Amino acid sequence: MATVPAYSITTDAVAKEAERAGGDWHAIDVSNVLALDELELREMGPGDVRLKILAVSCEHNIDHAATADTINIAEARGGRMFPGNSATGEVLEVGANVTKFKPGDIVITHCNGDPDRFGFPLKIWAYDQPDSTGWYSKEAVVGDWQLIKAPLDCGLNLWEIAALPLRAPTAYHMWRRALGIYRVKVPRENQAVLNVMGFGGGVSELFLMNAIAEGHNAYFCSGSPERRKALEKLGITGIDQKAFNRFASKDDVKAFSKECKQLTDGEGMHIVCDMLRGPVFPAGFAVAARQGVNVSSGWQLSQVIDYNTTIASVKQVTLDHTHYETLVGCDAATELYGSVYKPTIHHEIYKWEDLPRAHHEMHENTQTGIPIAQVADELPEAVRDLIP
Ligand SMILES: NC(=O)c1ccc[n+]([C@@H]2O[C@H](COP(=O)([O-])OP(=O)(O)OC[C@H]3O[C@@H](n4cnc5c(N)ncnc54)[C@H](OP(=O)(O)O)[C@@H]3O)[C@@H](O)[C@H]2O)c1
């Protein structure tokens, strides 16, 4: 069996860094936890594909794993896990039964680890799916069902394509769910144009791109001037979250609510995407329009929310929770690369050896867009024209 360089997270590294940081989540340096290791590739089966990983995006689940802020996932995975569940790669070899791919194809991954009978994930690949190994590695062996052909002619460059495998299906699923729920209450016949808001983050940005592509008004409430500016170029109105002190007090939420009412002619937000929770949730809940939908598949700032059910009932507000797309939904989301999804990329493309620093900077929230790392030293001819 071949062994390849890969990053891992161990229970020991998590505990050591937590101790160094004195229990202060903010002081954790993720680059002390994500460490270069060796991964033994499994034997190729008839339905498997061997990949050379070209580029990966940094994902927040690595931060959750390194800080053990939801569960101690490295411990749950037996003390060591190989993370990384968003990758763009080149097919090197295919098993005897694989007909969809051939060597030389450029592919992207999805991270639906274990679809239930409706196709929704019970587990996420390279996170809680048992025995799953991630793609922060030089090579990987995966089942062919985990791959989608990369849409190389969609108009995006290689780094933009590499930003989307995890975030685009997440946003796509949340958008179709939230819109579907709203439309159960208010059919298109009664109201064509909706006010849609998302709070800072790559998934929210893509969610808002779905909204503007369908003719709705979109608002991006973020603390990052660079990210707001990038979305304003697409016709998405920016709201400076820091002008409302990131909703530290009730007065900040009140002022934000007033601002949103002004922006929407007194109507409020029909759909809100909130991947953060914590202090962001009361702000998103306060600005909900009548019949509004508040959708989330993240809990970056808190796992628990608290709200007034009377207000939710009287305003007929629906809270929805999603996880990740079905396999066919991941294919559909990929169809929108370039036409709908035009991701903002952090100004530095990290090198393979800088992946831990990239995650430290993600933890510090200093990046200006979705962080990407180039994994392969040599990129194949098929993508050379896609490098900006
Ligand atoms: N269920 C799933 O399949 C799934 C998929 C993807 C992500 N997620 C989860 O969703 C969350 C967001 O993911 P993402 O990929 O969109 O994140 P991301 O691109 O890494 O962005 C995170 C955003 O968090 C915001 N932020 C950081 N600290 C904040 C604070 N103290 N208060 C308010 N905002 C703060 C920042 O926005 P500004 O500074 O611009 O305001 C930043 O842009 C993560 O928890 C992730 O694990 C879940």
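Only the coordinates and a few stated rules stand behind these numbers; no lab work does. None of the values given here were measured: they were computed from a predicted structure. Note: ideal-geometry Cβ built from the backbone for every residue, glycine included; neighbour counts use all protein chains shown.
Annotations for the structure displayed:
- The gain in end-to-end length when the Lys102 to Ala15 segment is fully stretched comes to 27.1 nm, 0.36 nm per residue minus the alpha carbon separation.
- Using the Cβ-Cβ distance between Arg183 and His347 with R0 = 41 Å, the FRET efficiency computed as 1/(1 + (r/R0)^6) comes to roughly 0.60.
- Going by neighbour counts of Cβ atoms within 10 Å, the residues Phe118, Phe247 line up, fewest first, as Phe118, Phe247.
- Built amide H within the under 5 Å cut-off of Tyr341, gap 5+: none
- Scanning residues 5 or more positions from Thr318 or on other chains, those with amide H under 5 Å from its amide H are Gly292, Val293, Asn294, with H placed 1.01 Å from N in the peptide plane.
- Bins of 10 Å from zero: percent of alpha-carbon pairs in the range 60-118: 18, 32, 31, 18, 1
- Gyration tensor (Cα) of the range 140-252, equivalent ellipsoid semi-axes in angstrom: 27, 21, 14
- Nearest 10 degrees, 0 to 90: helix 167-185 Cα axis against the chain principal axis: 30 degrees
- The residue among Ala192, Thr170, Ala76 whose Cα reaches farthest toward the positive pole of the charge dipole of the chain, with charges on the beta-carbon of Lys, Arg, Asp and Glu, is Ala192.
- All other residues whose Cβ lies under 13 angstrom from that of His323 are scored, Lys and Arg at +1 and Asp and Glu at -1, for a net of -3.
- For the range 74-226, average projected area of the Cα convex hull in nm²: 12.6 nm²
- At R0 = 22 Å, FRET efficiency that the Cβ-Cβ distance of Arg384 and Lys233 yields, to 0.05: 0.20
- Each residue of the range 325-337 was assigned a 3J(HN,Hα) from its phi angle through the Karplus curve 6.51 cos²θ - 1.76 cosθ + 1.60 (θ = phi - 60°); the sequence is 6, 6, 5, 5, x, 5, 4, 5, 4, 5, 4, 8, 4 Hz, with glycine and proline shown as x.
- Counted charge near Leu234, where neighbours are those whose Cβ lies closer than 12 Å (Asp, Glu -1; Lys, Arg +1): +3
- Within the chain, helix-based [θ] at 222 nm, where runs of 4 or more DSSP H residues each add -39,500 (n - 2.57), nearest 500: -8500 deg cm²/dmol
- Simple Cβ-charge dipole of the chain, Lys/Arg +1 and Asp/Glu -1, about Cα centre, in debye nearest 20: 1460 debye
- Ascending count of other beta-carbon atoms within 10 Å, so fewest first, for His64, His347: His347, His64
- Normalised by residue count, the range 169-321 yields a Cα convex hull volume of 103 Å³ per residue.
- Projected area, mean over directions - the chain, Cα convex hull, nm²: 19.1 nm²
- Per DSSP, loop GluC sites (Glu not before Pro) in the range 178-240 with at most 11 further Cβ within 10 Å: Glu189
- The label point for Ala248 and the one for Asp24, both projected 7 Å from the Cα toward the Cβ, are 1.6 nm apart.
- Along the range 372-380 the Karplus relation, 6.51 cos²θ - 1.76 cosθ + 1.60 evaluated at θ = phi - 60°, assigns HN-Hα couplings of 10, 10, 7, 9, 7, 5, 10, 9, x Hz to successive residues, with x for each Gly and Pro.
- Which of Met209, Phe285, Gly266, positive extreme of dipole for the range 169-321 (C-beta unit charges): Phe285
- Annotation: the residues Phe82, Phe120, sorted from fewest to most other C-beta atoms within 10 Å of their own C-beta, follow the order Phe120, Phe82.
- Neighbourhood net charge (14 Å Cβ-Cβ; Lys/Arg +1, Asp/Glu -1) for Asp114: -2
- Put a plus charge on the Cβ of each Lys and Arg, a minus charge on the Cβ of each Asp and Glu, and nothing anywhere else: the dipole of the range 169-321 about its Cα centre is then about 100 debye.
- Here, the range 237-388 yields an orientationally averaged convex hull projection of 12.1 nm² when only Cα atoms define the hull.
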